[in-house]
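> One structure is given below, represented as structure tokens, and several questions about it will come after.
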Amino acid sequence: MSSKITIAIQKKGRLFEDSKNLLTQSGINFSSSGENLLARSSNMNIDILLVRDDDIPSLVSKGVADLGIVGQNVLEEQKATNRIITAQPILELGFSNCKLAFAKPLNSRFRSLKNKRIATSYPALVKKYLKKNSIDAEVIKINGSVELTPYIGIADCICDLVSSGATLDANNLIEFKSLMKSQAVLISPVELNKIKQKNIINIIKRFEGVINAADSKYIMLNVDSSAAKKICNLLPGADSPTIIPLQKDNKVAIHALCKEPVFWETIEKLKLNGASSILVLPVEKILN
Ligand code: PRT
Ligand code: ZN
């Protein structure tokens, strides 16, 4: 059997750019063009399958692809529908964040889903939610423009993906319950292919390195040694900052890897507490 690894990603749509960037930043170069389903990496023994996101869980479950990138919403809906989908999430990728939520027209007064007609593209997840919460309601499967259904008399409310909330606002809908949060995840078959296992694990570690670095920053600053402890406590997600004495004025330099986002507010606070020459540098990869 070939030791070539196959990774399935969305061909076009909301997941494509971030999936492609993750692969590229992990050192997997490829170019996708035209209608080709298959792209061959130019520098690694890897094939990239470019498909619709809905096909990714089954391709990975069957072992046609060794790894795949898909939204948790699609994976969970398919798992709730079809027992053949055994692919499992192994790494949260931190992009395509959204939630699956119930929304109703602004002028609707009801708060409970009881006896309501719910339009959704996620019928299995909604039914599972209703069952778990012992709620009697009707689920209507709709493939697109779910947000219009309350206004054409098909449904009382909807259950759909929400990210900025602009679509709900534009359609005079208001969210009243969240079913699940979702983001893109890396999925693999339940058991990794034995021959390829070592290489697959290596790729997963590279992905982890890129994901770990995504929110991280390397901070360097100077401060009076008397304020060093206070400054270290203000650094977000910094395990163990390095403190280096400077030649003059009883000052120290502090260098730290911050594994949580460094906002402007944080930098302003550091300055207010005596830090100077503050440098915030991007981090490309972190291997733990
Ligand atoms: O062609 P293919 O089948 O591959 O793609 P697709 O059309 O099924 O999916 P695509 O590309 O639209 O979305 C892929 C994945 O992106 C989804 O499965 C989610 O995991 C994720 N994602 C993140 C979203 C959104 N955010 C999102 N906002 N998918 C869809 N939406 C839609 C939502 O359905 C609603 O219509 O955007 C609208 C709401 O957005 P806001 O910003 O107005 O709230
Ligand atoms: Zn799709």
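> Tell me, what are the semi-axes, in whole angstrom and largest first, of the equivalent ellipsoid of the range 217-282 as set by the roots of 5 times the Cα gyration tensor eigenvalues?
18, 12, 10
> Further, regarding this structure: Just to confirm the number: angle between the C-alpha axis of helix 72-81 and the first principal axis of the chain, 0 to 90 degrees, nearest 10?
The answer is roughly 30 degrees.
> Related question: Can you tell me the order of 169-176, 238-245 when each peptide is scored by its average per-residue count of other Cβ atoms within 10 angstrom, highest first?
Result, highest mean first: 169-176, 238-245.
> Also, I was wondering about something else. Give me the accessible area per residue for the chain, probe 1.4 Å, as a whole number in Å².
So the chain comes to 56 Å² accessible per residue, rounded to a whole number.
> Let me ask you something else. Can you return the aspartates and glutamates within cross-link range of K11? Criterion is Cα-Cα under 16 Å, with same-chain partners fewer than 8 residues away left out.
Cross-link targets: E35, D47, D53, D54, D55.
> Please identify the longest segment of the chain free of exposed trypsin sites (Lys or Arg not before Pro), where exposed means a DSSP state other than H, G, I, E or B and no more than 13 other Cβ atoms within 10 Å.
With a cap of 13 other Cβ atoms within 10 Å, the longest stretch comes to 115-193.
> Quick check: the distance between the Cα centres of the range 54-95 and the range 189-214, to the nearest angstrom?
Comparing the Cα centres of the range 54-95 and the range 189-214, I get a distance of 16 Å.
> Please report, in whole Å, how far the alpha carbons of the chain spread along each principal axis, starting with the longest.
Principal-axis extents of the Cα atoms in the chain, largest first: 75, 59, 36 Å.
> First measure r as the distance between the Cβ atoms of K194 and D239, then evaluate 1/(1 + (r/R0)^6) with R0 = 35 Å and state the FRET efficiency to the nearest 0.05.
Calculated transfer efficiency: 0.45.
> Can you run phi through the Karplus equation (6.51, -1.76, 1.60; θ = phi - 60°) for the range 244-252 and list ³J(HN,Hα) in whole Hz, with x for Gly and Pro?
10, x, 9, 5, 10, 6, 6, 9, 10
> Sticking with this one: With the contact rule set at Cα under 8 Å and sequence spacing of 6 or more, what percent relative contact order holds for the chain?
The value is 18 percent.
> Now, a different point. Taking 0.36 nm per residue of separation and subtracting the Cα-Cα distance, what length does fully extending F16 through K127 add?
37.0 nm
> Given R₀ = 35 Å, what would the calculated FRET efficiency be for L37 paired with Q88, taking r from the Cβ atoms and rounding to 0.05?
Calculated value: 0.90.
> Same structure, new question: Between A155, C98, V126, whose Cα lies farthest towards the positive end of the dipole of the range 98-182 when Lys and Arg beta carbons carry +1 and Asp and Glu beta carbons carry -1, centred on the Cα centre?
Positive-end residue among those listed: V126.
> Pairs K79/K127; K177/K259; K12/K194: which are spaced more than 23 Å apart, C-alpha to C-alpha?
K177/K259; K12/K194, as the Cα separations exceed 23 Å there.
The values are calculated or read from the model by the stated rules, or taken from the named source; none is laboratory data. It should be emphasised that the depicted structure is a prediction, and the values quoted were computed from it without experimental measurement. Positions of Cβ are backbone-derived with ideal geometry, glycine not excepted, and every protein chain shown enters the neighbour counts. Surface areas here come from the heavy atoms of the whole protein model, side chains and all, with no ligands, DNA or RNA. Shrake-Rupley method; radii C 1.70, N 1.55, O 1.52, S 1.80 Å.
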